[in-house]
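Here's the structure, in structure tokens; my notes come after.
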Amino acid sequence: MKTFLHSLVYFVLGCTMWPNAVNAQAHNDPSGAVAYSPSSESLFDTDVPLTIKLTGNISELMNDRGDNPELHPLILSYNAGQDHEVSLSIQAKTRGHFRRTMGGCTYPPLSLQFSKSDTLASSIFREQRKLKLVVPCRGDDYIIREWLAYKIYNLVTPQSFRTRLVTIELNDTKKKKATSPFYGMLLEEERQMAKRNQDILIKRTVRPEQTEPAAFIKMAVFQYLIGNTDWSVQYQNTKLIAADSNAVPVAVPYDFDQSGLVNTPYAKPAEELQMSSVRERRYRGYCMEDMARFDEAIAQYNRIKTDMYKLYSDCPLLDAKYIKSTLQYFDEFYKTINDPSDLKREFSYPCDKNGTGRVVIKGLKED
């Protein structure tokens with residue numbers, strides 16, 4: 001526990017101090033501790049990790065991994081400052097597909113559902129009704145890595161999901177046993193993400209060519225950057241937002257655990273892509289023969305390069321070996337996008353009729 005809390009303090013003083021991070025509520029007191037008031041902020045307004053405890057029949061919840069998981073009652077509690085603990089009655093169920101049923105995960109991802117109450121109205125969760133909680137499948141190092149992937153895309157565009165790193169303690173009332181704290185991640189609710197961008201959520205199915213072109217290119221280049229091929233606009237791991245139901249939608253990505261950047265033990269590319277490893281990059285956009293269409297996106301990624309590298313180089317929760325390999329992985333990306341011949345070879349791949357660039361990967365959308 002001491003080691004975990006020690007690293008958490010250094011995390012607040014390190015990883016969360018990158019440019020563009022919102023830390024208005026955090027400050028250092030004379031003792032060197034980090035003080036902030038969760039009750040006075042919105043959930044995603046800060047990068048300071050939030051410590052939560054989930055109490056209830058945890059074993060029953062975690063073992064409910066069938067096709068139709070039920071809601072289970074839990075108590076979610078957290079410290080709101082000055083030793084004031086807030087407790088909320090919530091319901092939770094397992095969610096997703098791969099990590100719930102196929103990944104051999106210790107913990108499946110969860111959906112947390114909140115009911116209106118006086119306590120909720122005065123809590124940090126007051127704006128929430130349903131939240132995705134990503135928990136470790138096989139070690140919480142991968143939670144940190146996936147969380148940072150979201151932070152990269154936050155640098156690219158506000159049309160992205162915000163996240164909040166949490167430390168979680170599971171208190172199983174049936175077994176009368178609590179876990180040691182571990183890292184998890186809360187993901188902004190999709191309708192709130194849309195509303196923040198003055199948009200609405202679009203539920204209809206569209207082809208990638210029918211989405212907003214400039215936004216799509218930035219998104220597809222991001223997926224190439226992190227080595228993620230586990231996505232498609234039509235079928236998996238993207239949400240659509242637009243100004244109204246008739247407007248051209250913007251594709252917003254999520255769920256990056258299968259990417260080469262995160263590099264989980266269970267990650268592997270789809271067989272149809274004929275790739276040897278998720279660390280191999282493959283551009284999965286649609287065919288664009290005019291490379292000038294990538295100019296805006298390339299300029300954007302060049303602008304955020306310094307801040308993106310700092311996300312990793314300044315984060316004490318990442319081991320030195322992973323930081324080094326990640327920065328090298330980024331170097332390869334920047335070499336490609338800034339070399340015209342490399343750019344054309346990689347990003348015109350979907351135009352190759354003999355390649356796998358036109359393969360549409362069908363999957364199950366995460367709930």
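Enumerate the calculated ³J(HN,Hα) couplings along the stretch 198-203 in order (Karplus 6.51 cos²θ - 1.76 cosθ + 1.60, θ = phi - 60°), each rounded to whole Hz, writing x wherever the residue is Gly or Pro.
Whole-Hz 3J(HN,Hα) from phi for the stretch 198-203: 6, 10, 10, 7, 10, 9.
What's the carbon and sulfur percent of the chain's accessible surface, probe 1.4 angstrom, rounded to a whole number?
Here it works out to 48 percent.
For all pairs of alpha-carbon atoms in the stretch 148-256, what percent lies in each bin of width 10 Å, listed from the first bin to the last filled one?
Once binned at 10 Å, the Cα pair distances of the stretch 148-256 give 14, 41, 25, 12, 7, 1.
Can you give the accessible area per residue of the stretch 247-335, in Å², using a 1.4 Å probe?
Result: 45 Å² per residue.
Checking the cross-link filter: which lysines have an alpha carbon closer than 26 Å to that of LYS324, excluding same-chain neighbours under 8 positions apart?
LYS151, LYS218, LYS268, LYS305, LYS310, LYS335
Based on the mean of other beta carbon atoms within 10 Å per residue, what is the order of 317-325, 217-225, most packed first?
So the order, starting with the most tightly packed, is 217-225, 317-325.
Relative to the Cα centre, what is the charge dipole magnitude of the stretch 127-277, using +1 at the beta carbon of each Lys and Arg, -1 at the beta carbon of each Asp and Glu, and rounding to the nearest 20 debye?
Here the stretch 127-277 has a charge dipole of around 580 debye.
Taking only DSSP H segments of four or more residues, each worth -39500 (n - 2.57), what value at 222 nm results for the chain once the sum is divided by all its residues, to the nearest 500 deg cm²/dmol?
That calculation yields -8000 deg cm²/dmol at 222 nm.
Of all alpha-carbon pairs in the stretch 203-264, indicate the percentage at a distance above 18 angstrom.
That fraction is 32 percent.
When the Kirkwood hydrodynamic radius is evaluated over all pairs of different C-alpha atoms of the stretch 294-356, what value in angstrom, to one decimal, is obtained?
This gives a value of 13.4 Å.
I need to check one value: relative contact order of the stretch 216-367, counting alpha carbon pairs closer than 8 Å and at least 6 residues apart, in percent.
Relative contact order comes out at 30 percent.
Per residue, what volume in Å³ does the Cα convex hull of the stretch 71-217 take up?
Convex hull volume per residue, Cα atoms: 164 Å³.
Ordered by packing density, taken as the mean number of other Cβ atoms within 10 Å over each peptide's residues, highest first, how do 296-302, 268-274, 233-239 rank?
Top of the packing list down: 233-239, 296-302, 268-274.
Tell me, what ³J(HN,Hα) does each residue in the stretch 263-274 have, in order and in whole Hz, if you take phi through Karplus 6.51 cos²θ - 1.76 cosθ + 1.60 with θ = phi - 60° and put x for Gly and Pro?
Per residue, the Karplus-derived 3J(HN,Hα) values read 6, 5, x, 9, 6, 7, x, 4, 4, 4, 7, 6 Hz.
Let me check something: with ligands and nucleic acids excluded, how do ARG129, ARG281 order by accessible area (1.4 Å probe), largest to smallest?
Output order, biggest surface exposure first: ARG129, ARG281.
Percent of Cα-Cα pairs more than 27 Å apart in the chain, please.
Counting every Cα pair in the chain, those more than 27 Å apart make up 49 percent.
Which order, highest average first, do 198-205, 161-168 follow once you tally other Cβ atoms within 10 Å for each residue and take the mean per peptide?
Taking the mean over residues of other Cβ atoms within 10 Å, the ranking is 161-168, 198-205.
Note the full-extension length gain between ALA247 and GLU127 as 0.36 nm times their separation in residues minus their Cα-Cα distance, in nm to one decimal.
The ALA247-GLU127 span can extend by a further 40.5 nm.
Non-local amide H neighbours of ASN57 (under 5 Å, H modeled in plane, Pro and chain starts lacking H): which ones?
THR173
Over the Cα atoms of the stretch 207-309, what Rg and Dmax result, in angstrom?
Rg and Dmax of the stretch 207-309, Cα atoms, are 14.2, 42 Å.
Treating only the Cβ of Lys, Arg, Asp and Glu as charged (+1, +1, -1, -1), what charge dipole size does the stretch 276-367 show about its Cα centre? Round to the nearest 20 debye.
Roughly 260 debye, rounded to the nearest 20.
Hey, what do the phi angles of the stretch 298-308 turn into as Karplus ³J(HN,Hα) couplings, whole Hz, using 6.51/-1.76/1.60 and θ = phi - 60°, x for Gly and Pro?
Result, rounded to whole Hz: 4, 4, 5, 5, 5, 5, 8, 4, 4, 5, 5.
Taking 0.36 nm per intervening residue step and subtracting the Cα-Cα distance, what contour gain separates GLU289 from ASN68 on full extension?
Result for the pair: 75.1 nm of gain on full extension.
The values are calculated or read from the model by the stated rules, or taken from the named source; none is laboratory data. Please read these numbers as outputs of a predicted model, since none were measured by experiment. Counting neighbours? That spans all protein chains shown, and the Cβs are built from the backbone with ideal geometry, glycine included. Calculation scope for accessible area: heavy atoms of the full protein, side chains included, ligands and nucleic acids excluded. Shrake-Rupley method; radii C 1.70, N 1.55, O 1.52, S 1.80 Å.
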